[in-house]
Amino acid sequence: MSYDVPRTDDEVDPTLAGTEGSPLWEVFIRADRGLNHVHVGSLHAPDAATALHHARDVYTRRKEGVSIWVVPSSAITATDPHDATDWFGSEHPYRHPTFYEIPEEVGHM
């Protein structure tokens, strides 16, 4: 299931604005070893290599990142927020181990 984000009549489609045919890429950065990649934004680039270079220049400073992922926006499929209950309204409390305390020695998890 996927959906289109609604836009107002005067809002320009960000996948087309000033791109001159370049596809939209989603950028994910891992800030430190052991941590997960986090979505930091989007950019337009003609290919993956250029997208990586632009992502480095735009979204990292002072050697903050250790890894960058760029993914074509067209490759991402998302759920509809209106169907959140169907997807995330779990009746299974065992899926969320809130009863378990993580020792401090473990660090990020």
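Of the residues that sit in region 61-88 and are in a strand (DSSP E or B) and among the hydrophobic types (A, V, I, L, M, F, W, C), which one is surrounded by the most Cβ atoms within 10 Å (Cβ to Cβ)? Among those residues, the one meeting the criterion is VAL70. Scanning region 83-97 for residues that are at pLDDT below 70 and not aromatic (Phe, Trp, Tyr) yields a total of 7. Can we say SER73 is of a type in the set (Ser, Thr, Tyr) and touching a residue at least 40 places away in the same chain (Cβ under 8 Å)? Considered against the rule, which asks whether it is of a type in the set (Ser, Thr, Tyr) and touching a residue at least 40 places away in the same chain (Cβ under 8 Å), SER73 comes out as yes. Candidates are the residues of region 36-52 that are surrounded by 13 or more Cβ atoms within 10 Å (Cβ to Cβ) and under 30 Å from GLY107 (Cβ atoms); the one that is nearest to the chain's Cα centre (by Cα) is VAL40.
The values are calculated or read from the model by the stated rules, or taken from the named source; none is laboratory data. The model shown is predicted, which means the values in this text are computed figures rather than measured ones. Neighbour counts are summed over all protein chains in view; Cβ atoms, including those assigned to glycine, are modelled from backbone coordinates with ideal geometry.
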